[in-house]
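The values are calculated or read from the model by the stated rules, or taken from the named source; none is laboratory data. Computed from a prediction, not measured in an experiment: that's the story for all the values here. Ideal geometry is used to build each Cβ from the backbone, glycine not excepted, and the neighbour counts take in all protein chains shown.
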Amino acid sequence: MRVPGVPPSPPLAVAAVTAVLLHTEHRWSCPNCTYEDVTYLTGPHSRYHACAGLYGLSVAMVPAGTACKITAVEREDYIGREDVQYAPETGRPVALIVTTRDDGQDCAVLAPCATARME
Amino acid sequence: MAWSASGLSRQLMVDMFSSVILANGTGTTGWAGWKNSGTPSSFKVALYDNNVTPSRDDTAAAFAYGGASWVAAGAATGGTGASNSQVYQAVQWPQAGIALATGSTTAATGGAGIAMFDAADLASGTACTISNAYGCFVYNDSITGPVSKQGVCFNNFGTGAAVTNGTFTIQWSANGVWRVT
């Protein structure tokens, strides 16, 4: 109902919304080998590869252009009957893979399997 | 007072075979299928420094998160004393640990007489700073009884792992988080 003395409301307009289609391209590289990869996922994610430059270990890649070094830390504890993880190419037990960047350090632990015997 | 090996809880095996814990049950004693089916239990992984003394022969009460062997007390930088053993950082790898995202119990292929539990690798937030993580404790966060948050196993990293403003990742063995052979 129109109220006398009150100006009419402006007509409703359809809001113009600009949809931004993000093309998320992530380029990955490894400082120890020549392997490169590209992913298109939008959420946080990482990329692993079997690194030819690090004894064939499964190593996380870094965003291309990142200044860093990636090293494997050999397991120094007594192994005994521990079901530890080994470097595929050397057969040596590996405890950690450490990525040292200019602004920090990542670490991947190669956890041994906890075991029990039914015998 | 230190890590020396990885191990699976002996009391857990006894409890499951004697139906103190119902592996496919519901309610306070139900472990609900180890994530295989139905509404799975929530398993968490907490980090510990070298002041703990893990033992697979602990009682169920001691082999639980918050129990005598796996105290909840800790410090963000880790390694500050025997009664202050958990290593964590709020949000990044919080106190009480991170939940296993996926996992399943299987009869492992490639080997006869093997039962194993495997899960997806675990990662912290990308700005994590912790040190002196010598191992992890895997426990059931869902149950409240007969022992609350009873543990499953502990995995010895073999050295003190650390990250600075980075990502802390646990890559489980191809043989699983635990296995019985």
- Could you please find all residues in the stretch A:107-119 being at the interface with chain B (Cβ under 8 Å from one of its Cβ atoms) and either farther than 21 Å from B:Phe137 by Cα or surrounded by fewer than 22 Cβ atoms within 10 Å (Cβ to Cβ) (or both)? A:Ala116, A:Arg117, A:Met118
- Could you list all residues from the stretch B:42-81 that are small (Gly, Ala, Ser), crowded, with 21+ Cβ neighbours inside 10 Å and at pLDDT below 90? B:Gly74, B:Gly78
- Query: Given A:Thr34, A:Thr66, which one is assigned to a loop (DSSP other than H, G, I, E, B), away from chain B (no Cβ under 13 Å) and either more than 30 Å from B:Leu8 (Cα to Cα) or modelled with pLDDT of 95 or more (or both)?
  - Reply: A:Thr34
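Table: residues versus (1) modelled with pLDDT of 95 or more; (2) within 18 Å of the chain's Cα centre (by Cα); (3) within 24 Å of B:Ala127 (Cα to Cα).
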residue	(1), (2), (3)
A:Leu41	no, yes, yes
A:His45	no, yes, yes
A:Cys51	yes, yes, no
A:Thr71	yes, yes, yes
A:Asp77	no, no, no
- Does A:Leu57 fit the bill of being at the interface with chain B (Cβ under 9 Å from one of its Cβ atoms), of a type in the set (A, V, I, L, M) and under 16 Å from the mean Cα position of the chain (by Cα)? no
- Query: Name the strands (runs of 3 or more DSSP E) wholly within the stretch B:94-181 that hold at least 2 residues that are under 13 Å from the mean Cα position of the chain (by Cα) and modelled with pLDDT of 90 or more?
  - Reply: B:128-140, B:151-166
- Query: Which residues, counting only those in the stretch B:112-130, are surrounded by 17 or more Cβ atoms within 10 Å (Cβ to Cβ) and not charged (D, E, K, R)?
  - Reply: B:Ile114, B:Met116, B:Phe117, B:Ala119, B:Leu122, B:Ala123, B:Ser124, B:Cys128, B:Thr129, B:Ile130
- Quick one: which of A:Ile79, A:Ile97 is in a strand (DSSP E or B) and at the interface with chain B (Cβ under 10 Å from one of its Cβ atoms)? A:Ile97
- Query: Could you list, in sequence order, the residues of the stretch A:87-119 that are touching a residue at least 12 places away in the same chain (Cβ under 8 Å) and among the basic types (Lys, Arg)?
  - Reply: A:Arg92, A:Arg101
- Return the residue satisfying two criteria in turn: it lies in the stretch B:125-141 and is of a type in the set (A, V, I, L, M, F, W, C) and farther than 28 Å from A:Asp103 by Cβ, and of such residues it is farthest from the other protein chains (Cβ to nearest Cβ). B:Phe137
- Message: So in the stretch B:142-176, with the set limited to residues that are closer than 18 Å to A:Ile79 by Cα and more than 7 Å from chain A (Cβ to nearest Cβ), which one is surrounded by the most Cβ atoms within 10 Å (Cβ to Cβ)?
- Response: B:Gly160
- Query: From the list A:Thr99, A:Thr115, A:Thr90, which residue is out of contact with any Asp or Glu (no Cβ under 8 Å at 6 or more places or on another chain) and not acidic (Asp, Glu)?
  - Reply: A:Thr90
